[in-house]
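> Quick one: the structure is below, questions incoming.
Read the figures in this text as sums done on the coordinates, not as results from a lab. Model, not experiment: these values are computed from the prediction. When we count neighbours, we look across all protein chains shown, and the Cβ atoms used for this are built from the backbone with ideal geometry, even at glycine.
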Amino acid sequence: MKLKLKRKIAVPILVLMIMPTMILSILFFNNMQKNSYENANQNIENSFNAISVAISQTNDEFYSRQILFSSLSALSNFGIVVYEGNEVVYEKIEGLNLDVDKIHSDYVESRRYEIKRRTYENLNISVYIIIDKFQLFLKVLNVNKPYLILIAVSIIISLKTILFMIENFSKPIGIFLEGYNNIISGNFQRDINIKREDELGLLGQAFNEMKNQISIRTNRFLQMKRFNEDILRSISTGIITADMHGKIKNYNDGAAQIIDRVMGLNEKNPQIIKKLMLQLNETTKRVETINRVQHFYESDKKESIYLDITTSLMKDVSGEYIGVLCSLSDITSRKKIEESVERINRLTSLGQLTAALAHEIRNPLSGIKMSAQILNKRLMEHVKPREQNLFQAIIGEIERLDILITDLLNFSKPRIPKLQIVNVVNILEKSLLFSDTKAEEKEAEISVTYNIEDRSVYFDKGQLSQIFLNIISNALNAIDVGGALKITVDSSKGKEDKFILVLFEDNGCGIKRENLDKIFDPFFTTGESGTGLGLSVVHKLIVSNHGDIEVQSREGIGTIIKTYLPKYRGNVNENKNSCD
């Protein structure tokens, strides 16, 4: 860029200042040469005329010849050839590349030589005077040599002066250009140094001040940019930006992770992309903010994800719409908590009602049972065996009602857990032992796998046994004859390392999708027998012991129940228990 500037400045100045001098010099030299040529022709013509006059004034041929040759000898700057008839009687052509014999007969003039001819008939003599234009040029050049040297020196001095001025002007521009390149490359440390006291020096100072301001503002901008990027990279909320035509422009890591997680449910049918694009386009058409909660579910993988998706229009400083902003949050955990809270509230209300009913029903039931037993003993000898069976049936049904009321009371108000260090394997093996009879009836294949060494949990021992017995009983009821139940004790993958996972997986009839949200509700059952309180009690006992439970099921395939039991962690558990 600097060289181009020099050329742009130098060429016009050189043309304007040097070319006129050179043109004038050429014209001057050409004029001097022309004058010299005309003077030579005039001298030759004058000599011819003078010889003619002198010869005409004398009648002596010898004397006339002497006058002729004497006059010709005075023309020292020209070549001379004199013919008498066809014979050369005098010649002076030193340094001339000419054939004397051809001059008189068939000479053709060239650009270098010009021949002047005069014939004196009374003497039978022809005189040829040769003008050497090159020698004439050299003579003129030699005569005007001092002037030419002066012109050349003037041109050189002018050239040097012009180049110095151009360099003096372009050097600061080159410094400015270097400073500009430093700014473009992000190097704000080097100041430009123009040691001048004129306007260019002041401009250099202003340039340095401007560079410092740019450096400060650039650093602020980069810090803000990095800060914003860190925020977008760190937050779990997904952020997507699109133009007004719905074309995606940018997205953060959170959005990519959420979309990948949802697409993992069903890669062949990525519903999230369709729903996102539809909501983006709907926002641009309606020109308003749209908020929706979308539910994505895949029965094969037994997973469910809830997303809170909000789309709104972006505006620039002038208020013009420039695109669409989409934020999406994974609220699956929140949804599960809300469902748990709703279930707990529902169970609490129901528990209070059932506790009151159970007490009111149990008191008269006890009297009815006692009366039936007394009547049975007193009338045993007076009634037929068939009638005795009626008394036994009454007592049996009362006992069944008493069991139901006991379950209701356990559900409505279970005793406060007595947390202690419990070996989960011992409790599980005892629960399996108590379930042997039902397992043998179903010819069930039960397998237990232990994948961890630390098997201590902080739990109520009796309640843990009740939990395992209920879950195993439900699994055995669900499977067909010859079915399988797999139990795995493992670390809690996917949760914080605070729990031990006990997983129960059967290949029974499974649970319908629409019933999954109801399985912890009291009195909900799909079996022909049972009170529907088993899993309700299990859920309540696990929650009261600071654990968690998850159920995944597919109708006709089987059911997986995951129980998360809190590990024993010393003072952590004890402090938590004291706070409770």
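> Karplus couplings for the range 66-76 from phi (6.51 cos²θ - 1.76 cosθ + 1.60, θ = phi - 60°), rounded to Hz, Gly and Pro as x?
So the J values, rounded to whole Hz, are 4, 4, 5, 5, 5, 5, 5, 5, 6, 7, 6.
> 5 Å is the cut-off here: which amide hydrogens, built 1.01 Å from N in the peptide plane, fall below it relative to residue 93, excluding neighbours closer than 5 in sequence?
The answer is 80.
> Starting from the amide H of residue 558, placed 1.01 Å from N in the peptide plane, find each other amide H under 5 Å away whose residue is 5 or more places distant or on another chain.
Under 5 Å from the amide H of residue 558 lie the amide H atoms of 510, 511, each far enough along the sequence or on another chain.
> Can I ask one more? Give the calculated FRET efficiency between residue 149 and residue 191 to the nearest 0.05, with a Förster radius of 60 Å applied to their Cβ-Cβ distance.
Once the sixth-power term is evaluated, E becomes 0.80.
> Additional query: State to the nearest 20 debye the size of the charge dipole of the range 26-100 about its Cα centre, where the only charges are +1 on K and R beta carbons and -1 on D and E beta carbons.
The calculated dipole for the range 26-100 is roughly 320 debye.
> Relative to 2.2 N^0.38 Å, what does the C-alpha radius of gyration of the range 35-176 come to as a ratio? Two decimals please.
1.73
> Report the FRET efficiency, 1/(1 + (r/R0)^6), for residue 42 and residue 160, where r is their Cβ-Cβ distance and R0 is 56 Å, rounded to 0.05.
Rounded to the nearest 0.05, the efficiency is 0.85.
> When you count, for each residue, the other Cβ atoms within 10 Å and take the mean per peptide, how do 318-326, 513-521, 229-237 rank with the highest first?
513-521, 318-326, 229-237
> Could you sort 73-85, 26-38 so that the peptide with the highest average Cβ count within 10 Å comes first and the rest follow in order? If you can, show how the numbers build up before the last one.
Working: 73-85: 15.8, 26-38: 13.1.
So the order, starting with the most tightly packed, is 73-85, 26-38.
> A follow-up question, please. Any idea how far apart residue 234 and residue 86 come out in nm if each label point goes 7 Å out from Cα toward Cβ?
Between residue 234 and residue 86, the simple spin-label model gives 12.1 nm.
> Here's another thing I want to ask about it. If you stretched the chain out fully between residue 167 and residue 71, how much longer would it get, using 0.36 nm times the residue separation minus the C-alpha to C-alpha distance? Can you show the working numbers first?
Values: separation 96, 0.36 × 96 = 34.56 nm, distance 6.30 nm.
Length difference between fully extended and current span is 28.3 nm.
> How many angstrom lie between the C-alpha centres of the range 182-211 and the range 62-102?
Going from one Cα centre to the other spans 81 Å.
> Right, something else. Within 10 Å, count the other beta carbons around each residue, average over each peptide in 466-474, 218-226, and list them highest first.
466-474, 218-226
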